[in-house]
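The values are calculated or read from the model by the stated rules, or taken from the named source; none is laboratory data. Because the structure is predicted, anything quoted here is derived from the model rather than measured. Cβ atoms come from the backbone with ideal geometry, glycine included; neighbour counts cover every protein chain shown.
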Amino acid sequence: MPEKETLVMKFGGTSVGSADALAKAVQIIKDARANHNRLVVITSAMYGVTNLLLDSALFAAQGKIDSLPGTESALRERHFTAAEAMIKDGKLRNAVKAEINVLIQSLVNLCQAIAILGEASPRALDAVASLGERMSVRLLGAGAADAGTQSRVIESTRFIVTNAHYQNAHPDFKATTDKTREILNPLLDEGIVPITTGFIGATPDGVITTLGRGGSDYTAAIIGSVLPAHDVWIWTDVDGVMTTDPRIVSTARTLPEISYGEIAELAYYGAKVLHPKTIRPVVEAGIGLRICNTFNPTHPGTRLKANDQTNGKVNKGEQVIKAVTAIRKQKLVTIEGRGMLGVPGVAARAFGAVASTGTSVPLITQASSEQSICFAVPTESAHLVLDALQKNFALELSERDIDRVWATDEVAIITAVGSGTRNTPGVAGHLFSKLGERDINVLAIAHGSSDVSISLVVETNDTENAVKALHELIVK
Ligand code: ASP
Ligand code: MG
């Protein structure tokens with residue numbers, strides 16, 4: 001008996017990245033519909049397409065449109081090959097190809113306009129980037145229809161209402177709730193599966209926006225929370241959230257369960273499992289979330305569970321560390337000087353200066369002597385950040401209240417994630433012993449602001465060894 005509850009499923013770029021993947025997605029939709037009367041499907045662009053689109057716009061801004069015909073045919077080739085392989089109904093197939101062709105033509109028009117202006121505004125970039133999902137949704141929709149699933153393709157620009165912060169737009173939840181229900185509920189009531197675009201929305205005036213790179217997960221969370229759905233399933237190309245990157249540690253394995261707090265930390269610290277903004281709407285709406293593998297659909301994947309109520313303290317013998325991640329290509333910036341002692345406002349000014357460069361800071365530590373503040377920034381921003389700090393503290397530097405502002409060579413931030421890392425005695429000790437055994441030097445530590453992670457900074461060359469060492473602490 002199909003359930004009355006509503007299920008939202010999102011397919012990522014690799015899950016719709018080829019004819020073969022799309023066929024699997026179509027089958028998954030069919031099977032899910034057999035068990036759920038109310039099903040909503042969201043899709044990303046085909047793998048690599050968003051990058052290709054944005055690159056052509058950025059080239060166009062430099063006046064380079066020579067590669068445009070090549071891009072056009074690459075897009076046609078990707079989408080048409082898939083259409084031919086999976087849509088048996090000739091009429092439907094031709095209709096979809098014609099629609100995709102129109103979208104490809106609008107890429108050409110947009111790029112030509114950008115080339116003439118010599119500039120790609122954020123608004124124009126969103127119009128360009130949106131084409132990936134607008135093409136893939138038509139393919140997936142036709143594939144599902146061809147396989148006999150009653151479905152309807154709808155662009156999410158019709159109901160995801162956002163502000164005009166192009167490239168990283170913020171949804172207006174009130175307007176989005178009203179529109180989503182108004183447009184999707186009548187279809188769901190009839191058992192029709194709406195198949196819609198991830199990543200994109202529109203301003204109240206109807207101008208296309210995007211929710212930020214990787215934003216399709218967020219779309220799924222928004223739709224799930226406003227309907228509301230009982231469950232959101234994110235279909236990707238791995239068996240859920242893993243204990244670490246399997247390319248570094250071959251024994252990495254899938255975590256059957258993870259708490260919201262833990263996954264938020266993982267998403268933040270470099271594990272590309274979920275767009276970080278996805279978590280909040282689902283937690284607030286109390287909706288279940290599952291991450292599963294399009295290429296291994298019978299695997300249960302990873303389930304998110306509500307944060308545990310143990311106050312972060314884990315019983316003896318229970319597993320504390322659940323996963324280990326690494327963020328590479330960082331530098332540690334240090335501001336040091338005896339004249340900083342007890343002077344209020346140094347940190348505020350320092351981070352104000354960093355913020356003025358548009359850089360976000362993943363890790364901060366300060367010695368209690370107050371003689372140094374140290375934080376990580378992405379390597380590519382380190383230069384800008386140092387300049388901004390030097391300008392801001394020019395007076396203190398000339399008076400030697402601040403001795404120097406400097407950045408290390410490239411480093412990596414290794415994060416051990418698990419609830420209870422703060423309140424369970426001995427966890428930090430274990431981490432340091434493991435690293436010590438392998439002669440890995442720890443350059444900085446951050447621990448405490450969240451009770452679900454400890455981050456350590458190591459030299460770039462030690463990245464893999466540090467991940468391997470800490471992964472040994474995960475109980476089998
Ligand atoms: N296609 C968009 C991107 O590549 C959104 C997504 O796939 O989640 O960023
Ligand atoms: Mg993604």
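Of the residues making up segment 436-469, those that are among the hydrophobic types (A, V, I, L, M, F, W, C), in contact with a helix residue (DSSP H, G or I) (Cβ under 9 Å, 6 or more places away or on another chain) and either modelled with pLDDT under 95 or not in a helix (DSSP H, G or I) (or both) are 440, 442, 445, 452, 454, 456, 458.
Yes/no matrix, rows are residues, columns are (1) within 20 Å of residue 16 (Cβ to Cβ); (2) surrounded by 21 or more Cβ atoms within 10 Å (Cβ to Cβ):
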{"position": "249", "(1), (2)": "no, no"}
{"position": "256", "(1), (2)": "no, no"}
{"position": "262", "(1), (2)": "no, yes"}
{"position": "282", "(1), (2)": "no, yes"}
{"position": "285", "(1), (2)": "no, no"}
{"position": "290", "(1), (2)": "yes, no"}
{"position": "298", "(1), (2)": "yes, no"}
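Taken over segment 79-98, the criterion of being under 19 Å from residue 130 (Cα atoms) and free of Cβ contacts under 8 Å to residues at least 40 places away in the same chain is satisfied by 80, 97, 98. Close Cβ contacts (under 6 Å, 6 or more residues apart or on different chains) running from residues in segment 240-269 that are farther than 17 Å from residue 214 by Cβ to residues that are assigned to a strand (DSSP E or B) and charged (D, E, K, R) comprise 257/303; 257/305; 259/305.
Check 163, 185, 168 and return the single one that is within 16 Å of ligand 1 (Cβ to nearest atom), of a type outside the set (Ser, Thr, Tyr) and out of contact with any helix residue (DSSP H, G or I) (no Cβ under 6 Å at 6 or more places or on another chain). If you could, list the steps in order and put the result at the bottom.
On the way: 163 fails: within 16 Å of ligand 1 (Cβ to nearest atom); 185 fails: within 16 Å of ligand 1 (Cβ to nearest atom).
Unique residue meeting the criteria: 168.
Only residues that are of a type in the set (S, T, N, Q), in contact (Cβ under 8 Å) with a residue 24 or more places away in the chain and either under 23 Å from residue 274 (Cα atoms) or near ligand 1 (Cβ under 9 Å from one of its atoms) (or both) were counted in segment 28-55, giving 3.
Hey, does segment 245-258 have a residue that's part of a strand (DSSP E or B), among the β-branched types (Val, Ile, Thr) and within 16 Å of ligand 1 (Cβ to nearest atom)?
Of the residues in segment 245-258, the ones part of a strand (DSSP E or B) are 254, 257-258.
The next check asks that each one be among the β-branched types (Val, Ile, Thr); those that pass are 254, 258.
Remaining after also requiring within 16 Å of ligand 1 (Cβ to nearest atom): none.
No: zero hits.
Among the residues in segment 191-204, are any within 16 Å of ligand 2 (Cβ to nearest atom), without any contact (Cβ under 8 Å) to a residue 60 or more places away in the chain and of a type outside the set (Ser, Thr, Tyr)? No: zero hits. Within segment 321-354, the set of residues being surrounded by 21 or more Cβ atoms within 10 Å (Cβ to Cβ) and at pLDDT below 85 comprises just one member, 340. Looking at the structure I just gave you, is residue 137 within 23 Å of the chain's Cα centre (by Cα) and under 15 Å from residue 29 (Cβ atoms)? Yes, satisfied.
The lone criterion from (1) more than 24 Å from the chain's Cα centre (by Cα); (2) outside any helix (DSSP H, G or I) left unmet by residue 431 is number (2).
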